[in-house]
1. Using a 10 angstrom Cβ neighbour count of at most 13 plus a DSSP loop assignment to flag exposed GluC sites (Glu not before Pro), which longest range of the chain is free of such sites?
2. At 1.4 Å probe size, with no ligands or nucleic acids counted, give the accessible surface of Thr324 in Å², nearest ten.
3. For Met94, Met342, give me the order by solvent-accessible area with a 1.4 Å probe, most accessible first, ignoring ligands, DNA and RNA.
4. Rounded to the nearest whole Å², what accessible area per residue is found for the chain with the 1.4 Å probe?
5. Apply the membrane-span-like helix rule to the chain: whole DSSP H runs, Cα extent along the own long axis of at least 18 Å, mean Kyte-Doolittle hydropathy at least -1.0. List the helices found.
6. Ignoring ligands, DNA and RNA, what percent of the 1.4 Å accessible area of the range 293-390 is carbon and sulfur?
7. Hey, how many Å between the Cα centroid of the range 12-58 and the Cα centroid of the range 382-454?
8. Given the convex hull over the Cα atoms of the range 235-290, what projected area results after averaging over all orientations, in nm²?
Amino acid sequence: MESRIEVPDDLRARFNGLLLGPGDGGYEVARRVHNGLINKRPGLIARCVTTPDVVDAVHLGREYANEVSVRGGGHNVAGKAVTEGGLMIDLALMKGVRVDQRQRTIWAQGGVIWNELNRTAAVRGLATTGGVVSTTGIAGLTLGGGEGWLMGKYGLSVDNLLSVEVVTAAGEVITASEDEHEDLFWALRGGGGNFGVATSFEYRAHPVTAVHGGLVAHRLDHGVDMFRFYRELTGTAPDELTVFAALVHAPDGSGQKLAAMPVCHCGDDLARVETDLKPLRDFGPPAIDLIQPMPYPVVNTLLDDAFPKGALSYWKSAIFGDLTDEAAAVMVECFAQCPSPMTAMVVVPYLGAVTRVAPTATAFPHRRPCYSLVILSEWLDPADTESNVAWTRDTFDALRPHMADAVYVNNLPADDSGLVREAWGPNFDRLVEVKRRYDPKNLFRLNHNIDPAG
């Protein structure tokens, strides 16, 4: 028999959103996140539409549920946005976005996804760093750090964060910023969902309209040479040019494996842009060159088709202090044996503006020049789960000798939740102190958890 959570009549009467238990209409859709591998069944889903709804849901969870989870946009590869039998606080209906063109700020609620934020900001000629897949939620990505196409020029999402409205474990509504609850604001910039429910975010925005985006691709057997070129290119690239390196499958369904460099150049001097892109177009030369001018919101959709909702996903995350030829050779060799035509391996450079912030200035600690790797295993048939997970783990193990003692928390799978010290490095002990202050009983523990017990 499925677990259900009974809702007090007074709370049900004033709740503006939806309270869904097993068997209720809409429950089956609401309990699902982007990753089809996650199949948990909450005892109750509180679909909030206002901050007071979130306050009521927090009180309800604290008093009546064995566990509380928080769902924002719903990508959440680790599946920790969904509780088994407990209360899921769902922000997906909280979709407000407001742009102040004069002050160059963007305010958005916790259920907003990046496509919604980017399009609203773009009509006013503005943008902020946020993701590379447009269906990703702003909340989870931002709280963990926030990689994105503009990170070389403008830093991570957390580097553009001005304030966050938070409902604490005690049910208090507070605003964290440089001027209020500064300790919490520090922790929210990279510390994940450990400290409360983030109901809205305010970002600094930048004048970005058109960019040059797309990718160049080479045959997989040129992969090691491509990584060597990539390392040299990114070591000298201007801040405006953010280039990833990826091992991918051709999107035409042929199963052909490629070594590719996805690109975003946010500069507006066309002569300079062409000069900066020329080495990418000359190297090889590439078998495919799809770089072209486009609106900024479009570049953030180019990878969407590679991440269909409901596909089964298992990721592994690592950081390389240096992207050596030896590491590249292992990646190429392992990818040649990859069992799924949907799987990719992506390297993201932490360079430029990202490295001009002190490691302890925000909770996000990875500020030295380095490269973040995510192994993105993805497949459709549940019968293929064992082989794909095994390949991912084997590939990760083969790369261990080349890894730094660090990980990007947003890319961790559920079974790597013990890597909290690797995720936060020198900031871990301070994060524990903030956790004790705002969530001493660890109500918000269904995440890559910072235990207040240390």
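1. 181-454
2. 40 Å²
3. Met342, Met94
4. Value returned for the chain: 39 Å² of accessible area per residue.
5. 51-64, 223-236, 385-399
6. Carbon-and-sulfur percentage of accessible area, whole number: 60.
7. Going from one Cα centre to the other spans 26 Å.
8. Numbers: hull surface 17.4 nm².
Average of the hull's projected areas for the range 235-290 equals 4.4 nm².
The values are calculated or read from the model by the stated rules, or taken from the named source; none is laboratory data. Fair warning: this is a prediction, and the values are worked out from it, not measured in the lab. Every residue, glycine as well, gets a Cβ built from its backbone with ideal geometry; the counts of neighbours run over all protein chains shown. When the accessible area is computed, the model is the full protein with side chains, heavy atoms only, and any ligands, DNA or RNA have been set aside. Shrake-Rupley method; radii C 1.70, N 1.55, O 1.52, S 1.80 Å.
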